[in-house]
Each structure stands twice: as structure tokens, then as C-alpha cells.
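Below is one structure, written out as C-alpha cells, with a few remarks after it.
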Amino acid sequence: MISFVGAGPGDVELITLKGLKRIEKADIIIYAGSLVSEDHLKYCKKDAEFYNSAHMNLDEVLEVMKKAEHEGKSVVRLHTGDPSIYGAIQEQMDSLEREGIQFELIPGVSSFTAAAAAIKRELTLPGVSQTVILTRIAGRTPVPEDEDLVSLAKHKASMAIFLSVGNIGSVVEKLIEGYGSKDIPIAVVYKASWNDEKIVLGTLEDIEERVARAGIKRQAQILVGDFIDSEYSLSKLYDKNFSTGFRKAKK
Ligand code: SAH
């Protein structure tokens, strides 16, 4: 059996119980060494085999999986955060499916929720935004034109921008154009949930300079939107004047 497991954002305690159990039993672990903390590996069996996918191409990863399957060994493919977000797992899953190899997916805590936790904010504030956009700017992987940051920013939804801090200048430029203002709160969270986590808060006006001063060039989430700093309405869910399925309103 092959299990794609979300390792979570870094802190080993942020993996799911189910994911941890798969790691403890796995014969082979293929992990994304560039982002997954090596601390996870201490939960493996003593004789488990390790592969760091940072040094492997797709064919090599698939080869390890297929060989293991034929030998009846269990494999954990450990991905950072949640595997369904920028995990490049579809091509792995499709190839396994073509070979008739069974696999399962175990979700994980994505770095965008870990970053929101780090800055102690709710992404979906009533009266501010009820939508979260997860995106990136184009790097080696292009982004469809309709999803350019300028047009996404026009929605004024809460946004988490992955894989883009190395290009913070161009992120900020596009956001200013989309929002039509520089006075928008933004947070850059480097290595959310790791011991060396760093948080940089600012506005579209000054964030580029602050990020440069903090020396952050990679492995960071960019969170942007009024949810970071604004007035909001109280939720209806806990409003004493409203009844819910579980609670009657106070008269
Ligand atoms: N599947 C992952 C994302 C992989 S893409 C997830 O769900 O989080 C890699 C990008 O994720 C990085 O460039 C960075 O933008 C972000 N990232 C991953 N771990 C992070 C962390 N601990 N703190 C901040 N950003 C992180």
C-alpha cells in the first residue's frame, strides 16, 4: 500500500494521528526533504528505508513506489502541509492508477492555516471576507492568465500566496494594482510552526522592505487582506440574539 501523507507545516505534532501511524509502520519513506522536517523520521521503524525526493525526479520516485509494491512493502510518500496543495501528487497518483497500484491520501495541516494561526487571525471574518483564495505567482510553473494576482486582488478576499516570497516585489506591485491602494494589511510568515518561525507584519506600502530586512527569501506564506487588521461584525453563530440548531436565543 502506498500512502500519500500530509506532514503538516513543520512542527511534528501537527501531523494527523492517522499520518503518524502510517509513518510508524512504513517500510519505505519518501519525503520532500526541502520542506518536511527530519524530526518526523524519528517515528519510523529502525530498519525503514529513506528516500529524499528533493534529489529525485518523478520517474525515480515512481520506480521506488512500484518496486516496493511488488515486494509487498508499505510506502509513505510524505508531503509538506497538505498534499493536495502544490504537492505535484496528481502525476504520481495517475501513474500508480495506470499500473493498478492501490494508494490512499491522508490530508495534513496546510502552511496557510499554520500561518493564520501564527499571526492569531481568522481568515473568514464576517463583514470583511467570507472567501479564501490560495494562489501563487508564476515561477517555473505558469499561472493561468485569468488567475493573475491583479484580478484576484480585485475580489478583496482573504488571500494566502504560496511559493512567491522570493518575488515579493512583483507580488506587492500586482496587489497594489488590484486593490487600488497601498493601505492593505499583509503578513509574511516564514517557516510557520517551526522553531525558527518569523512573522513580518506591514502594509503593501512597506512589506517589501521589511521582508528584505528580515532576510526572508523562501519558505514563507504571504497572507493579505483586511482580515489581518480591521473592524468586523460579530458572528451570528455565537450571537446571543440568534438561535442555532444547537442553542436557543436569549429573550
Ligand atoms: N503542500 C504545502 C505547500 C507546498 S508548496 C502546504 O499545504 O502548505 C511550498 C510553499 O508552501 C512554500 O514556498 C511556502 O510558500 C509554503 N510553505 C510550506 N511550509 C511552510 C511553512 N511552514 N511556513 C510558511 N510557508 C510554508
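The alpha-carbon of residue 248 sits under 17 angstrom from the alpha-carbons of these aspartates and glutamates, leaving out residues fewer than 8 places away in its chain: 239.
Remark: the stretch 51-160 is approximated by an ellipsoid whose semi-axes, taken from the C-alpha gyration tensor as √(5λ), come to 34, 17, 12 Å, largest first. Across the stretch 1-118, counting alpha-carbon atoms alone, Rg and Dmax equal 13.3, 43 Å.
For the stretch 124-229, a crude dipole built from +1 on the beta carbon of Lys and Arg and -1 on the beta carbon of Asp and Glu, taken about the Cα centre, is about 380 debye to the nearest 20.
What the phi angles of the stretch 76-87 give under the Karplus curve with 6.51, -1.76 and 1.60, with θ = phi - 60°, is a coupling list of 10, 9, 8, 10, 6, x, 9, x, 7, 10, 6, x Hz, glycine and proline written as x. Calculation over all alpha carbon pairs of the stretch 124-251 in 5 angstrom steps from 0 returns a P(r) of 2, 10, 19, 20, 16, 11, 7, 6, 5, 3, 1, 0 percent. Rolling a 1.4 Å probe over the protein heavy atoms gives the stretch 188-229 an accessible area of 51 Å² per residue. Taking a sphere under 13 Å around the Cβ of residue 152 and counting the other residues whose Cβ falls inside, with K and R at +1 and D and E at -1, yields a net charge of -1.
In the chain, the DSSP-assigned H stretches of four residues or longer account for a calculated mean residue ellipticity at 222 nm of -7000 deg cm²/dmol, using -39500 (n - 2.57) per stretch and the full residue count as denominator. Other residues with beta-carbon under 12 Å from the beta-carbon of residue 137 carry, at +1 per Lys or Arg and -1 per Asp or Glu, a net charge of 0.
For the stretch 46-128, run through the trypsin sites (Lys or Arg not before Pro) and keep only the ones in DSSP coil with at most 13 other Cβ atoms within 10 Å of their Cβ.
46, 120
Based on the Kirkwood radius over alpha-carbon pairs, what value in µm²/s does the Stokes-Einstein equation return for the translational diffusion coefficient of the chain at 4 °C and 1.567 mPa s? Using the Kirkwood radius from Cα pairs, D works out to 65 µm²/s.
Can you send over the carbon and sulfur percentage of the accessible area for the chain, probe radius 1.4 Å, protein chains only?
With neighbouring chains kept in place, the figure for the chain is 50 percent.
Ligands, DNA and RNA are left out, and with a 1.4 angstrom probe the accessible area of the stretch 41-183 is 55 Å² per residue.
Here the contact order of the stretch 141-196, divided by its residue count and restricted to Cα pairs under 8 Å and six or more residues apart, works out to 41 percent.
Legend: calculated FRET efficiency, residue 246 to residue 130, from the Cβ-Cβ distance at R0 = 22 Å, rounded to 0.05, equals 0.55.
Largest mean-square fluctuation among 118, 157, 212, in a Gaussian network model of the chain whose springs join Cα atoms under 10 Å apart, belongs to 212.
Summing charges over all other residues whose Cβ lies under 13 Å from the Cβ of residue 177, with Lys and Arg as +1 and Asp and Glu as -1, gives +1. Evaluating 6.51 cos²θ - 1.76 cosθ + 1.60 at θ = phi - 60° for every residue in the stretch 196-204, the Karplus couplings come out as 9, 4, 10, 10, 10, 10, x, 10, 4 Hz, glycine and proline recorded as x.
Of all the options 155, 55, 79, the one that moves most in a Gaussian network model of the chain with Cα springs shorter than 10 angstrom is 55.
The values are calculated or read from the model by the stated rules, or taken from the named source; none is laboratory data. This one's a predicted model, so the numbers in the text were calculated from it and none came from an experiment. For neighbour counting, all protein chains shown are included, and Cβ atoms are generated from backbone atoms with ideal geometry for every residue, glycine included. What goes into the accessible areas is simple: the full protein's heavy atoms, side chains included, and nothing from ligands, DNA or RNA. Shrake-Rupley method; radii C 1.70, N 1.55, O 1.52, S 1.80 Å.
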